[in-house]
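*Asks:* Below you will find the structure I want to go over with you.
The values are calculated or read from the model by the stated rules, or taken from the named source; none is laboratory data. In this text the structure is predicted, and so the values were computed from the model without any measurement. So basically every Cβ, Gly included, is an ideal-geometry build from the backbone, and we count neighbours across all protein chains shown. All accessible areas refer to the heavy atoms of the entire protein, side chains included, with ligands and DNA or RNA removed. Shrake-Rupley method; radii C 1.70, N 1.55, O 1.52, S 1.80 Å.
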Amino acid sequence: RKRAVCYNISGRAVYQNAADGKRSKMNKNRIIKAALAGVIALCVAALIAAGIKASRGKGIPILMYHHLVQDGEALNAMTVSAGKFESDLKYLKENGYTAILPRDMLEQDFSLPEKPIIISFDDGYRSNYEIAYPLISKYGFKAVISVISAMQDEEREFFCSWDMLREMHDSGIIEIGSHTHNAHNPEYGGGLSDNGVNGVQRRAGESDEDFQKRVLDDIKLSYMRIFEEVTTPVSFAYPFGSNDKDADKLIEELFSFSFNTTKGRYIPERGNYKLPRYEIYQDSELDKMLK
């Protein structure tokens, strides 16, 4: 980012008498104020222009995937086939999209490409490593994977291991974010609860102490485990897109970005939290979605 430089204004003043000296001082003050006002106006204009350029009036689409399966295997509402994912990448490539990562946005000299897009995965399924990662590399894209870090600590078979996450991170094309440590409705097998309270939301009658242990400490633990094993995480994905004001506050202290599940586009000048995403299903058509 370029910084506006304010220069001191100095001049030679020949004071013939006290009145002339006072008028000269007043004129000099007016010149200084006018110059400062001009600099401020230029800075504001530059910020507005940068914001317009950042979103290009359209915003940045964020795609949300979960689990992938090989072609011919059974699908459910949260999975897409390898062929479908590759078809999506081909479409993005042929239509001039460039994938960016949240951490890219934090670089001082980063500038957005003509058609930016963010590809995201929630949960950290092993298929992200076995299927998605090779295809993302093949087509020259990048993606952010938000993991439930307890799955790595417990070495769950269907989720990425810490070694896998490190390998992908070290490639430079995959960013690892948080999806909590184990606050993704574990008592419901990771699915939706039967009472409508999900993820980091506070339960009815839950005390501050219990909420601290169940949710806030969990979020901190997720951050620390990713930091210890892979890298400093800069993004958080809300399980089920469910928010809570106390959790929001902590998330915004720890992370630079957060993802939600509402539909829409990311407008950088509007902030980097609770970013909307387009959830991708097997029958999703990117050409219609990204018009």
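*Asks:* What about residue 168, is it under 19 Å from residue 219 (Cα atoms), surrounded by 14 or more Cβ atoms within 10 Å (Cβ to Cβ) and out of contact with any His (no Cβ under 8 Å at 6 or more places or on another chain)? Steps first, please.
*Replies:* Working: under 19 Å from residue 219 (Cα atoms): no; surrounded by 14 or more Cβ atoms within 10 Å (Cβ to Cβ): yes; out of contact with any His (no Cβ under 8 Å at 6 or more places or on another chain): yes.
No; evaluated as a whole, the condition is false for this residue.
*Asks:* Report whether or not residue 187 is within 21 Å of residue 124 (Cα to Cα), at pLDDT below 95 and outside any loop (DSSP other than H, G, I, E, B).
*Replies:* Yes; evaluated as a whole, the condition is true for this residue.
*Asks:* For residue 124, are the conditions met, namely being at positive phi, at pLDDT 95 or above and in contact with an Asp or Glu (Cβ under 9 Å, 6 or more places away or on another chain)?
*Replies:* Considered against the rule, which asks whether it is at positive phi, at pLDDT 95 or above and in contact with an Asp or Glu (Cβ under 9 Å, 6 or more places away or on another chain), residue 124 comes out as no.
*Asks:* Checking residue 51 against (1) modelled with pLDDT of 95 or more; (2) open to solvent by less than 50 Å² (accessible area, probe 1.4 Å); (3) under 21 Å from the mean Cα position of the chain (by Cα), which test does it fail?
*Replies:* Of (1) modelled with pLDDT of 95 or more; (2) open to solvent by less than 50 Å² (accessible area, probe 1.4 Å); (3) under 21 Å from the mean Cα position of the chain (by Cα), only one is false for residue 51: (1).
*Asks:* Okay, next question. Can you name the residue in segment 241-291 that is among the β-branched types (Val, Ile, Thr) and surrounded by 16 or more Cβ atoms within 10 Å (Cβ to Cβ) and is also farthest from the chain's Cα centre (by Cα) among such residues? Explain how you work it out, then say what you get.
*Replies:* Filtering segment 241-291 down to residues among the β-branched types (Val, Ile, Thr) leaves 251, 261-262, 267, 280.
Still in the running and surrounded by 16 or more Cβ atoms within 10 Å (Cβ to Cβ): 251, 261, 267, 280.
Numbers: 251: 12, 261: 12, 267: 11, 280: 17 Å.
Top of the filtered list is 280.
*Asks:* Also, I was wondering about something else. Quick check: is even one residue across segment 212-219 open to solvent by less than 80 Å² (accessible area, probe 1.4 Å) and closer than 11 Å to residue 148 by Cα? Before you say what the answer is, go through the steps one by one.
*Replies:* So in segment 212-219, the residues open to solvent by less than 80 Å² (accessible area, probe 1.4 Å) come out as 212, 214-219.
So of that shortlist, the ones also closer than 11 Å to residue 148 by Cα come out as 218-219.
The answer is yes; a qualifying residue exists.
*Asks:* Now for a separate question. For segment 132-165, which residues satisfy the criterion of being of a type in the set (A, V, I, L, M, F, W, C), open to solvent by 20 Å² or more (accessible area, probe 1.4 Å) and within 20 Å of residue 87 (Cα to Cα)?
*Replies:* 135
*Asks:* Return the only residue of 97, 91, 129 being surrounded by 14 or more Cβ atoms within 10 Å (Cβ to Cβ), touching a Leu at 6+ places or on another chain (Cβ under 6 Å) and modelled with pLDDT of 90 or more.
*Replies:* Result of the check over 97, 91, 129: 91.
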